[in-house]
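The values are calculated or read from the model by the stated rules, or taken from the named source; none is laboratory data. Source: prediction; values computed, not measured. No Cβ is skipped: glycine too gets one built from the backbone with ideal geometry, and neighbour counts run over all protein chains shown. Keep in mind that these areas ignore ligands, DNA and RNA; they rest on the heavy atoms of the full protein, side chains included. Shrake-Rupley method; radii C 1.70, N 1.55, O 1.52, S 1.80 Å.
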Amino acid sequence: MNPLNHVAIIMDGNGRWGLKYKNSRNAGHRAGLNTVEKIIKEAIHQKIEYLTLYAFSTENWKRPRKEIKYLFDLLENFLITKIDKLNDQNIKLKIIGIKNFSTKLNKLLNLAEKKTLKNTKLQINLALNYGSKAEIINALKKLKKNKKPINEKNLTKNLQTKDIPDPEILIRTGNTQRLSNFLLWQAAYSEIFFEKKLWPSFERRDFKKIIRKYKLIKRNFGSI
Ligand code: FPP
C-alpha cells in the first residue's frame, strides 16, 4: 500500500453551496470552515503529517470587497477561538503565501505560527494569498541573487514548502477540474482527485474513500 504523508486540498464550492442552501455565498464560507475542522480530525485519525489547504489565492482579490472581508473576519475569528485548541492537539500551523493582510490579521497569523512552531502531530499549511507561479519566480530570484545553480534541488529548497514532502494526494472539490495556480511544482507526481461535491458537503467518509483509493494505486513515477 502506498505511504501517505501529505494531502493538499483545493476547497472549492463554498459560494455555490451557500447560494443553493442559504441564499448567501458567505454562509457557504462559514459552512466550509466546519468542513475544514472535520477534515483536520480525519487527517489526525489517518496519521497524515501534512495537510495543505488552499484558503485564498492571489487571484481571489478580484472578488467583491465584502466577500473578502467576510473571509478574513472568519479567519481572524478562527485564529482567536481555535488556536489554543490546535496547539493542545499538537498541531503546527504554517502559512504559505504572502502575508500582506491587515495589521491585526498579520499579527494573529504570526502569533499562531510562533505558538505552534514546535508541534509535531500534524502540520497544517494554510495557503493564503498564495500563487504557485509567484512562488516559483521568487525561488528563482533567490537562486539568482545568491548565485546558486538552477536545478530541481535548489529550486525546491527555495519554495515556501521547503522541508515539506510533495503531496501524494491533491483533492479538488466543487466539480471543477483545474489546479488554479496551486502547488504546480510540488504536485508534479501527485495523484489528483476531482470530487463532485461542493466543499461544505464534503464529509470525512468522502476523504476516507479517496485515501483508500489512493493507497491501492500503482504509482510508478515514470517507470513501468
Ligand atoms: C472556494 O470556494 C473557497 C474559498 C475561496 C475560500 C476557502 C475558505 C474556507 C473553506 C473557509 C474559511 C477557511 C478558513 C481557514 C478561515 P468558492 O467561493 O470559489 O466557491 P464557488 O466556486 O462555488 O464560487
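The stretch 110-133 and the stretch 33-79 have Cα centres spaced 12 Å apart. Direction-averaged shadow area of the convex hull around the Cα atoms of the stretch 1-52, nm²? For the stretch 1-52, the mean projected area of the Cα convex hull comes to 4.1 nm².
Its relative contact order, with pairs defined as Cα atoms under 8 Å and 6+ residues apart, puts the chain at 30 percent. When a 1.4 Å probe is rolled over the protein heavy atoms, the share of accessible surface on the chain that falls to carbon and sulfur comes to 53 percent.
Just checking the listed ones, Asn106, Asn151, Asn125: in the Gaussian network model of the chain with Cα springs under 10 Å, the one fluctuating most is Asn151.
Convex hull volume of the Cα atoms of the stretch 43-162, normalised per residue: 127 Å³. Using equal-weight Cα scatterers in the Debye expression, the normalised intensity of the chain in log10 at q = 0.12, 0.13, 0.16 Å⁻¹ is -0.67, -0.79, -1.22.
Net charge in the neighbourhood of Ile80 (other residues with Cβ under 13 Å of its Cβ; Lys, Arg +1, Asp, Glu -1) is +2. Expressed as a whole percent, the proportion of Cα-Cα pairs in the stretch 47-104 lying more than 20 Å apart is 34%. Among 130-136, 20-26, 167-173, sorting by the average number of other beta carbon atoms lying within 10 angstrom of each residue, highest first, gives 167-173, 130-136, 20-26. Dividing the convex hull volume of the alpha carbon atoms of the stretch 1-105 by its residue count gives 128 Å³ per residue.
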